[in-house]
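The values are calculated or read from the model by the stated rules, or taken from the named source; none is laboratory data. Keep in mind that this is a model prediction, so the values were computed, not measured. Glycine gets a Cβ as well: all are built from the backbone with ideal geometry, and neighbour counts include every protein chain shown.
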């Protein structure tokens with residue numbers, strides 16, 4: 001009975017209560033510090049698979065998930081190297097995990113803020129850079145089509161490995177299509193916008209031997225259509241004129257209509 005009374009008195013002793021409070025606080029602070037250090041130093045090799053889509057592969061990873069590097073990687077079927085990233089904590093308030101990234105394809109460079117939304121959507125913001133055309137899709141390389149691309153996109157959103165939102169501009173320089181001409185055709189500008197059911201890219205020539213204007217439409221199911229008008233300018237080779245005559249008769253402006261459809 002005396003021991004019980006003594007225990008109750010100790011439980012009410014201010015010094016004892018203060019000591020217990022301090023011990024609990026130190027334990028809590030220590031636990032928070034441990035968790036913080038663990039999170040900040042979490043190896044990127046382990047964590048990147050939790051956040052990066054399966055279509056993105058990285059090799060020779062170093063650093064942490066918050067700041068790190070990879071010597072090389074694959075995005076879809078495009079090879080990139082010298083990849084680096086830095087975490088942007090300010091975007092957490094917008095419901096995103098965002099990283100400022102830089103990388104290099106086989107030729108050129110790419111810079112972008114890469115975000116992962118809570119719904120799994122991959123968002124590329126302030127995307128800029130310059131790359132050769134064959135990096136974009138293997139179909140260009142297979143057909144020998146070459147060009148130099150420079151771009152500045154406000155945003156590209158990707159869901160289920162397919163773009164659902166695209167907004168920005170692109171310059172196509174030194175366009176070469178072997179089936180049309182043995183020489184460079186010229187330069188074009190492209191403006192991308194997103195509508196309810198499709199991504200649309202309006203394009204027109206800036207210079208070169210072709211006068212061309214048209215629209216590329218990409219539907220959510222992957223079907224695309226390329227519609228436009230084209231004419232040969234003075235200085236175009238005879239082979240260009242021969243190929244364009246296959247499109248039919250020109251309209252009152254001297255332009256011939258063309259249309260191509262397919263699936264990505």
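The set of residues from region 138-155 being buried (at least 16 other Cβ atoms within 10 Å of the Cβ) and at pLDDT 90 or above comprises 146, 147, 148, 149, 151, 153, 155.
For region 100-120, indicate whether the set of residues that are over 26 Å from residue 172 (Cβ atoms), at pLDDT 80 or above and either in the same structural domain as residue 183 (by TED's automatic domain parsing) or under 17 Å from the mean Cα position of the chain (by Cα) (or both) is non-empty.
First pass over region 100-120, keeping only residues over 26 Å from residue 172 (Cβ atoms): 100, 115-120.
When the remaining residues are screened for being at pLDDT 80 or above, the result is 100, 115.
Narrowing further to those that are either in the same structural domain as residue 183 (by TED's automatic domain parsing) or under 17 Å from the mean Cα position of the chain (by Cα) (or both): 100, 115.
Yes, region 100-120 contains at least one residue that is over 26 Å from residue 172 (Cβ atoms), at pLDDT 80 or above and either in the same structural domain as residue 183 (by TED's automatic domain parsing) or under 17 Å from the mean Cα position of the chain (by Cα) (or both).
Does residue 178 fit the bill of being without any contact (Cβ under 8 Å) to a residue 60 or more places away in the chain and over 30 Å from residue 253 (Cβ atoms)?
Here the answer is no, as residue 178 does not meet what is asked.
Are there any pairs with C-beta distances below 6 angstrom linking a residue in region 210-236 that is over 11 Å from residue 259 (Cα atoms) to a residue that is loosely packed, with under 13 Cβ neighbours inside 10 Å, with the two at least 6 apart or on different chains, and if so which? Within 6 Å, the pairs are 222/263; 222/264; 223/263; 231/254; 232/241. Taking the criterion of being in contact (Cβ under 8 Å) with a residue 24 or more places away in the chain, touching a strand residue (DSSP E or B) at 6+ places or on another chain (Cβ under 8 Å) and not in a strand (DSSP E or B), the residues of region 120-143 that qualify are 120, 121, 133, 135, 136. Residues that are farther than 18 Å from residue 175 by Cα and outside any loop (DSSP other than H, G, I, E, B) were ranked within region 205-226; the one that is nearest to the chain's Cα centre (by Cα) is 218. Of the residues examined, residue 196 is one that is assigned to a loop (DSSP other than H, G, I, E, B) and within 28 Å of the chain's Cα centre (by Cα).
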